[in-house]
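Before any comments, here is the structure.
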Amino acid sequence: MSQQFGYTEPSNGPTVDLSRLRLADGSLDISWHHCSTTADFLGDFFAAQTKASDAELNEIRHAIGYLVNELLENAIKFRAPGDIQIEASLDRGNFEMRLFNFIAEETARRFQVLLSEITTRDAGELLIERIEQNAADPSSSGSGLGLLTLMNDYGARLGWKFIHQDAAGPVELHTYAALSLS
C-alpha cells in the first residue's frame, strides 16, 4: 500500500543524467555533519553546471544547498536504521532531487498528518501561523517550518510517497523536491 502527498512525479526528462549518493548506515553512522557536507557538495556541483553569472551562481548554490540540507536533516532526524539514498538532476534550469529512506510506522502517521495540512493549505499563510505558534510556545516541534520555508520562499515543489511493505516493519519514504533555477 502506498500514500502520496504533493508532487511526486519527476519533470526532468527520462534521459537526464542522474547523480546518486548513498549515505550508508554503518560504523560511522549517518549524522548531522553529513547534511551540510552533502548539501554544500550538491549545491556546488549543480550550480557549476548552469550557465549563470557569478551573482546568480551564489543564489543557485544557496537554493540547492538549503533544499538538500533541510530534506536531509529531516531524513536523518526521523529515520529508522538504514541507508539514505539521494538522486539529483538538473535539466533546463530545473533541479530535482529524490531522497529515499525508512521511517517507523508511528513516525509516518505523524508526518502524514502534517503533510495533509502542508500540501492542502496556502504555504505563505501556514508559514506565518507556524512562526507565530512557535514564538508563543518555543518548546513546540514538528511544525514543518523548514518545509514551509522551502515552499513559500524558494518556490520548491515538494512531495512524499509512503510505501508500506509490512504492517509491523518500517515504512519506505520517498521525498521529492524540485526547484526552478531560472
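The values are calculated or read from the model by the stated rules, or taken from the named source; none is laboratory data. These figures come from a predicted structure and were not determined experimentally. Cβ sites come from the backbone with ideal geometry, for glycine too, and all protein chains shown count toward neighbours.
List of remarks:
- Cβ-Cβ distances below 7 Å connect the following pairs, each with a first residue in the range 13-24 that is under 17 Å from residue 68 (Cα atoms), a second residue that is aliphatic (A, V, I, L, M) and assigned to a loop (DSSP other than H, G, I, E, B), and a separation of six or more residues or different chains: 23/30.
- Qualifying residue in the range 117-131 (condition: touching a Ser or Thr at 6+ places or on another chain (Cβ under 8 Å), more than 25 Å from residue 41 (Cβ to Cβ) and not acidic (Asp, Glu)): yes
- Among the residues of the range 162-182, the ones that are crowded, with 19+ Cβ neighbours inside 10 Å and either of a type in the set (Phe, Trp, Tyr) or without any contact (Cβ under 8 Å) to a residue 60 or more places away in the chain (or both) come to 2 in all.
- For the residues 82, 159, the requirement of being outside any helix (DSSP H, G or I), surrounded by 17 or more Cβ atoms within 10 Å (Cβ to Cβ) and either among the hydrophobic types (A, V, I, L, M, F, W, C) or touching a residue at least 40 places away in the same chain (Cβ under 8 Å) (or both) singles out 159.
- Residues located in the range 102-129, provided they are aliphatic (A, V, I, L, M), farther than 26 Å from residue 59 by Cα and within 16 Å of the chain's Cα centre (by Cα): 103, 108, 114, 115
Every residue, every condition in (1) in contact with a strand residue (DSSP E or B) (Cβ under 8 Å, 6 or more places away or on another chain); (2) closer than 15 Å to residue 96 by Cα, yes or no:
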site: 148; (1), (2): no, no
site: 156; (1), (2): yes, yes
site: 164; (1), (2): yes, no
site: 172; (1), (2): yes, no
site: 179; (1), (2): yes, yes
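- Matching option when the condition is under 17 Å from the mean Cα position of the chain (by Cα), among the hydrophobic types (A, V, I, L, M, F, W, C), crowded, with 19+ Cβ neighbours inside 10 Å and assigned to a strand (DSSP E or B), among 99, 148: 99
- Pairs with Cβ under 6 Å, 6+ apart, first in the range 98-122 and within 23 Å of residue 87 (Cβ to Cβ), second among the polar types (S, T, N, Q) and surrounded by 21 or more Cβ atoms within 10 Å (Cβ to Cβ): 99/175
- Selection within the range 104-145: residues that are of a type in the set (Ser, Thr, Tyr) and surrounded by 17 or more Cβ atoms within 10 Å (Cβ to Cβ). The member of this set that is farthest from residue 179 (Cα to Cα) is 107.
- The one condition from (1) part of a helix (DSSP H, G or I); (2) closer than 24 Å to residue 10 by Cβ; (3) of a type in the set (Gly, Ala, Ser); (4) touching a helix residue (DSSP H, G or I) at 6+ places or on another chain (Cβ under 9 Å) that residue 124 does not meet is (2).
- Any hit, the range 28-40, residues being without any contact (Cβ under 8 Å) to a residue 40 or more places away in the chain, within 18 Å of residue 147 (Cα to Cα) and crowded, with 16+ Cβ neighbours inside 10 Å: yes
- Residue tally, condition over 16 Å from residue 95 (Cβ atoms) and not in a strand (DSSP E or B), over the range 1-17: 4
- Residues (among the polar types (S, T, N, Q) and either modelled with pLDDT under 85 or not in a strand (DSSP E or B) (or both)) located in the range 18-68: 27, 31, 36, 37, 38, 49, 50, 53, 58
- Residue that is farthest from the chain's Cα centre (by Cα), among those in the range 73-96 that are among the aliphatic types (A, V, I, L, M) and modelled with pLDDT under 95: 80
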